[in-house]
Amino acid sequence: MAETALNDINRFSWQRVRQFGGLFRQSLRNQIIIYTLIEALLVIVTSVFPREEIILGACCIIWIMSLAVPYVFTLRDDTLLRLAPVKASERLTFYLLWIMIIFPLLMTAIQWLLMYIGWLYEPHGLLEFVLESFTEASHLLSWPTAVLLYCVSFVTGYSMYFLVTDAAVTCRRHPVLWGVIRTAIVLISLSFIGAMCGVIYALLGLPLEAGGMENMLICIEVTSGVLSLPVGILALRHLYKYLK
(Lines give C-alpha, C1' and ligand atoms only; values in the text may rest on other atoms or scores of the structure.)
Protein backbone atom coordinates (compact mmCIF):
# COMPACT_ATOMS: atom_id res chain seq x y z
CA MET A 1 0.00 0.00 0.00
CA ALA A 2 2.78 2.42 0.92
CA GLU A 3 4.62 1.60 -2.32
CA THR A 4 1.45 2.20 -4.35
CA ALA A 5 0.88 5.54 -2.67
CA LEU A 6 4.50 6.52 -3.34
CA ASN A 7 4.15 5.58 -7.02
CA ASP A 8 0.98 7.67 -7.25
CA ILE A 9 2.84 10.65 -5.82
CA ASN A 10 5.77 10.28 -8.22
CA ARG A 11 3.53 9.74 -11.25
CA PHE A 12 2.35 12.72 -13.30
CA SER A 13 -1.29 13.46 -12.43
CA TRP A 14 -3.73 15.43 -14.57
CA GLN A 15 -5.99 15.66 -11.53
CA ARG A 16 -3.30 17.58 -9.65
CA VAL A 17 -2.87 19.84 -12.70
CA ARG A 18 -6.59 20.61 -12.56
CA GLN A 19 -6.49 21.15 -8.79
CA PHE A 20 -3.50 23.48 -9.12
CA GLY A 21 -5.38 25.45 -11.75
CA GLY A 22 -8.25 25.73 -9.30
CA LEU A 23 -6.06 27.96 -7.14
CA PHE A 24 -6.28 30.55 -9.95
CA ARG A 25 -9.99 30.05 -10.60
CA GLN A 26 -11.11 33.55 -9.64
CA SER A 27 -8.16 35.26 -11.35
CA LEU A 28 -8.69 33.31 -14.57
CA ARG A 29 -12.41 34.06 -14.55
CA ASN A 30 -11.72 37.76 -14.07
CA GLN A 31 -9.16 37.69 -16.89
CA ILE A 32 -11.68 36.18 -19.31
CA ILE A 33 -14.30 38.78 -18.36
CA ILE A 34 -11.89 41.75 -18.62
CA TYR A 35 -10.43 40.62 -21.95
CA THR A 36 -13.90 40.01 -23.37
CA LEU A 37 -15.11 43.46 -22.30
CA ILE A 38 -12.03 45.17 -23.75
CA GLU A 39 -12.35 43.32 -27.06
CA ALA A 40 -16.07 44.14 -27.18
CA LEU A 41 -15.20 47.81 -26.65
CA LEU A 42 -12.60 47.67 -29.43
CA VAL A 43 -15.12 46.11 -31.81
CA ILE A 44 -17.64 48.83 -30.97
CA VAL A 45 -15.08 51.61 -31.50
CA THR A 46 -13.87 50.18 -34.83
CA SER A 47 -17.49 49.74 -35.94
CA VAL A 48 -18.46 53.31 -35.09
CA PHE A 49 -15.18 54.76 -36.45
CA PRO A 50 -14.04 52.32 -39.18
CA ARG A 51 -10.88 54.25 -40.02
CA GLU A 52 -7.67 52.39 -40.77
CA GLU A 53 -5.57 54.12 -38.10
CA ILE A 54 -8.16 53.29 -35.41
CA ILE A 55 -8.36 49.67 -36.54
CA LEU A 56 -4.56 49.40 -36.52
CA GLY A 57 -4.54 50.81 -32.98
CA ALA A 58 -7.13 48.22 -31.93
CA CYS A 59 -4.97 45.44 -33.41
CA CYS A 60 -1.95 46.74 -31.46
CA ILE A 61 -3.96 46.74 -28.23
CA ILE A 62 -5.08 43.15 -28.87
CA TRP A 63 -1.44 42.13 -29.47
CA ILE A 64 -0.33 43.77 -26.20
CA MET A 65 -3.20 42.09 -24.36
CA SER A 66 -2.20 38.69 -25.73
CA LEU A 67 1.39 39.22 -24.59
CA ALA A 68 0.16 40.16 -21.11
CA VAL A 69 -1.84 36.94 -20.60
CA PRO A 70 0.77 35.27 -18.29
CA TYR A 71 0.56 38.14 -15.80
CA VAL A 72 -2.60 36.56 -14.43
CA PHE A 73 -0.25 34.21 -12.53
CA THR A 74 1.06 37.12 -10.45
CA LEU A 75 -2.33 37.52 -8.75
CA ARG A 76 -1.84 34.65 -6.29
CA ASP A 77 0.29 34.49 -3.16
CA ASP A 78 3.53 32.73 -4.09
CA THR A 79 3.80 31.16 -0.63
CA LEU A 80 0.47 29.35 -1.03
CA LEU A 81 1.42 28.14 -4.50
CA ARG A 82 4.76 26.80 -3.29
CA LEU A 83 3.05 24.82 -0.52
CA ALA A 84 0.61 23.15 -2.90
CA PRO A 85 1.36 19.37 -3.16
CA VAL A 86 1.95 19.55 -6.90
CA LYS A 87 5.01 18.53 -8.91
CA ALA A 88 6.98 21.07 -10.92
CA SER A 89 6.01 19.33 -14.18
CA GLU A 90 2.33 19.59 -13.23
CA ARG A 91 2.64 23.28 -12.38
CA LEU A 92 4.45 23.99 -15.63
CA THR A 93 1.89 21.96 -17.59
CA PHE A 94 -0.96 24.08 -16.24
CA TYR A 95 0.84 27.32 -17.08
CA LEU A 96 1.53 26.15 -20.64
CA LEU A 97 -1.98 24.80 -21.16
CA TRP A 98 -3.48 28.13 -20.18
CA ILE A 99 -1.23 30.43 -22.23
CA MET A 100 -0.85 28.15 -25.27
CA ILE A 101 -4.18 26.33 -25.68
CA ILE A 102 -7.09 27.10 -23.36
CA PHE A 103 -7.06 30.90 -23.24
CA PRO A 104 -6.01 31.48 -26.89
CA LEU A 105 -8.72 29.16 -28.22
CA LEU A 106 -11.37 30.66 -25.95
CA MET A 107 -10.49 34.28 -26.72
CA THR A 108 -10.09 33.61 -30.45
CA ALA A 109 -13.63 32.20 -30.55
CA ILE A 110 -14.97 35.17 -28.57
CA GLN A 111 -13.00 37.65 -30.68
CA TRP A 112 -14.30 36.30 -34.00
CA LEU A 113 -17.83 36.19 -32.62
CA LEU A 114 -17.58 39.83 -31.52
CA MET A 115 -16.05 40.86 -34.85
CA TYR A 116 -18.89 39.10 -36.68
CA ILE A 117 -21.47 40.92 -34.56
CA GLY A 118 -19.68 44.20 -35.28
CA TRP A 119 -19.64 43.34 -39.02
CA LEU A 120 -23.45 43.01 -38.96
CA TYR A 121 -23.67 46.67 -37.95
CA GLU A 122 -20.62 48.02 -39.82
CA PRO A 123 -19.26 45.90 -42.74
CA HIS A 124 -16.09 48.03 -42.99
CA GLY A 125 -14.93 47.48 -39.42
CA LEU A 126 -12.41 45.20 -37.76
CA LEU A 127 -13.54 41.93 -39.37
CA GLU A 128 -13.20 43.25 -42.91
CA PHE A 129 -9.75 44.68 -42.07
CA VAL A 130 -8.55 41.32 -40.74
CA LEU A 131 -9.91 39.38 -43.73
CA GLU A 132 -8.44 41.87 -46.19
CA SER A 133 -5.06 41.54 -44.46
CA PHE A 134 -5.19 37.77 -44.92
CA THR A 135 -6.21 38.21 -48.58
CA GLU A 136 -3.40 40.67 -49.30
CA ALA A 137 -0.87 38.38 -47.63
CA SER A 138 -2.07 35.43 -49.74
CA HIS A 139 -1.62 37.51 -52.91
CA LEU A 140 1.86 38.70 -51.97
CA LEU A 141 3.18 35.37 -50.72
CA SER A 142 2.94 31.81 -51.96
CA TRP A 143 1.15 29.33 -49.72
CA PRO A 144 4.34 27.46 -48.70
CA THR A 145 5.95 30.77 -47.77
CA ALA A 146 2.86 31.90 -45.86
CA VAL A 147 2.77 28.62 -43.90
CA LEU A 148 6.50 28.87 -43.16
CA LEU A 149 6.18 32.46 -41.94
CA TYR A 150 3.18 31.52 -39.81
CA CYS A 151 5.14 28.70 -38.16
CA VAL A 152 8.10 31.02 -37.57
CA SER A 153 5.86 33.72 -36.08
CA PHE A 154 4.26 31.02 -33.91
CA VAL A 155 7.68 30.05 -32.53
CA THR A 156 8.71 33.67 -32.01
CA GLY A 157 5.41 34.60 -30.36
CA TYR A 158 5.40 31.74 -27.89
CA SER A 159 9.05 32.31 -27.07
CA MET A 160 7.97 35.78 -25.94
CA TYR A 161 5.07 34.26 -23.96
CA PHE A 162 7.48 31.90 -22.19
CA LEU A 163 9.73 34.84 -21.37
CA VAL A 164 6.83 36.79 -19.87
CA THR A 165 5.55 33.72 -18.01
CA ASP A 166 8.96 33.18 -16.45
CA ALA A 167 9.02 36.79 -15.27
CA ALA A 168 5.43 36.62 -13.99
CA VAL A 169 6.10 33.50 -11.90
CA THR A 170 9.70 33.85 -10.77
CA CYS A 171 10.12 37.61 -10.22
CA ARG A 172 8.77 38.39 -6.76
CA ARG A 173 9.34 42.13 -7.14
CA HIS A 174 8.07 44.06 -10.15
CA PRO A 175 7.24 41.04 -12.36
CA VAL A 176 5.42 43.21 -14.90
CA LEU A 177 8.34 45.59 -15.24
CA TRP A 178 10.86 42.77 -15.65
CA GLY A 179 8.63 41.05 -18.18
CA VAL A 180 8.39 44.25 -20.22
CA ILE A 181 12.15 44.86 -20.02
CA ARG A 182 13.04 41.31 -21.06
CA THR A 183 10.54 41.30 -23.92
CA ALA A 184 11.68 44.72 -25.14
CA ILE A 185 15.33 43.64 -25.14
CA VAL A 186 14.58 40.49 -27.14
CA LEU A 187 12.28 42.25 -29.62
CA ILE A 188 14.77 45.08 -30.18
CA SER A 189 17.58 42.55 -30.65
CA LEU A 190 15.53 40.52 -33.15
CA SER A 191 14.57 43.70 -35.02
CA PHE A 192 18.22 44.73 -35.21
CA ILE A 193 19.26 41.29 -36.45
CA GLY A 194 16.43 41.33 -39.00
CA ALA A 195 17.57 44.72 -40.25
CA MET A 196 21.13 43.44 -40.55
CA CYS A 197 19.89 40.46 -42.57
CA GLY A 198 18.16 42.87 -44.93
CA VAL A 199 21.32 44.98 -45.27
CA ILE A 200 23.45 41.90 -45.95
CA TYR A 201 20.91 40.71 -48.51
CA ALA A 202 21.13 44.07 -50.31
CA LEU A 203 24.95 44.25 -50.09
CA LEU A 204 25.24 40.83 -51.70
CA GLY A 205 23.34 42.24 -54.65
CA LEU A 206 20.59 39.63 -54.43
CA PRO A 207 17.49 40.48 -56.50
CA LEU A 208 14.44 42.15 -54.95
CA GLU A 209 12.22 41.36 -57.91
CA ALA A 210 10.85 38.08 -59.28
CA GLY A 211 10.48 36.57 -55.82
CA GLY A 212 13.56 38.22 -54.36
CA MET A 213 11.58 40.26 -51.85
CA GLU A 214 9.81 37.11 -50.68
CA ASN A 215 13.15 35.34 -50.24
CA MET A 216 14.52 38.26 -48.22
CA LEU A 217 11.44 38.22 -46.00
CA ILE A 218 11.84 34.48 -45.44
CA CYS A 219 15.50 34.98 -44.54
CA ILE A 220 14.71 37.70 -42.00
CA GLU A 221 11.77 35.89 -40.39
CA VAL A 222 13.48 32.50 -40.21
CA THR A 223 16.60 34.05 -38.68
CA SER A 224 14.47 35.81 -36.05
CA GLY A 225 12.54 32.62 -35.32
CA VAL A 226 15.66 30.49 -34.98
CA LEU A 227 17.28 33.00 -32.63
CA SER A 228 14.13 33.42 -30.51
CA LEU A 229 13.77 29.66 -29.97
CA PRO A 230 16.71 29.38 -27.49
CA VAL A 231 15.26 32.35 -25.59
CA GLY A 232 11.98 30.51 -25.08
CA ILE A 233 13.72 27.26 -24.16
CA LEU A 234 15.95 28.97 -21.60
CA ALA A 235 12.93 30.76 -20.11
CA LEU A 236 11.07 27.44 -19.73
CA ARG A 237 14.16 25.81 -18.24
CA HIS A 238 14.56 28.62 -15.69
CA LEU A 239 10.85 28.47 -14.85
CA TYR A 240 10.93 24.70 -14.36
CA LYS A 241 13.98 24.91 -12.06
CA TYR A 242 12.22 27.60 -10.03
CA LEU A 243 9.10 25.44 -9.65
CA LYS A 244 11.04 22.37 -8.42
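The values are calculated or read from the model by the stated rules, or taken from the named source; none is laboratory data. Here the structure is a predicted model, which is why all the values come from computation and not from measurement. Quick reminder, even Gly has a Cβ in these numbers, built from the backbone with ideal geometry, and neighbours come from all protein chains shown. Ligands, DNA and RNA are stripped out before the accessible areas are found, and what is left, the full protein with its side chains, is counted by its heavy atoms. Shrake-Rupley method; radii C 1.70, N 1.55, O 1.52, S 1.80 Å.
Magnitude of the charge dipole for region 83-176, about its Cα centre and with charges confined to Cβ atoms of Lys, Arg (+1) and Asp, Glu (-1), is about 640 debye.
Relative intensity of the chain on a log10 scale, I(q)/I(0) at q = 0.13, 0.15 Å⁻¹, equals -0.97, -1.17, per a Debye sum over C-alpha point scatterers of equal strength in the absence of solvent. Membrane-span-like helices of the chain, defined as complete DSSP H segments with a Cα extent of 24 Å or more along the helix axis and a mean Kyte hydropathy of at least -1.0, are identified as 25-48, 103-121, 143-170, 175-203, 212-243. With all protein chains kept in place, the per residue accessible area of the chain amounts to 60 square angstrom at a probe of 1.4 angstrom.
Projecting the Cα positions of TRP63, LEU83, ILE38 onto the charge dipole of region 37-97 (unit charges on Cβ atoms of Lys, Arg, Asp and Glu, taken about the Cα centre) puts LEU83 furthest along the positive direction.
Charges only on Cβ, +1 for Lys and Arg, -1 for Asp and Glu: so what's the dipole of the chain about the Cα centre, in debye to the nearest 20?
1480
Summing Lys and Arg as +1 and Asp and Glu as -1 over all other residues whose Cβ lies under 15 Å from the Cβ of HIS124 gives a net charge of -4. Computed per residue of the chain from DSSP H runs no shorter than four, each worth -39500 (n - 2.57), the mean residue ellipticity at 222 nm is -27500 deg cm²/dmol.
Each other residue within a Cβ distance under 12 Å of LEU239 adds +1 if Lys or Arg and -1 if Asp or Glu, for a net charge of +3.
Protein-only accessible surface at a 1.4 angstrom probe places the residues TRP143, TRP98 in the order TRP143, TRP98, largest first.
Estimated at 0.36 nm per residue, the fully extended path between PHE12 and ALA184 surpasses their Cα-Cα distance by 58.4 nm. Note on the chain: with neighbouring protein chains present and a 1.4 Å probe, carbon and sulfur make up 72 percent of its accessible heavy-atom surface.
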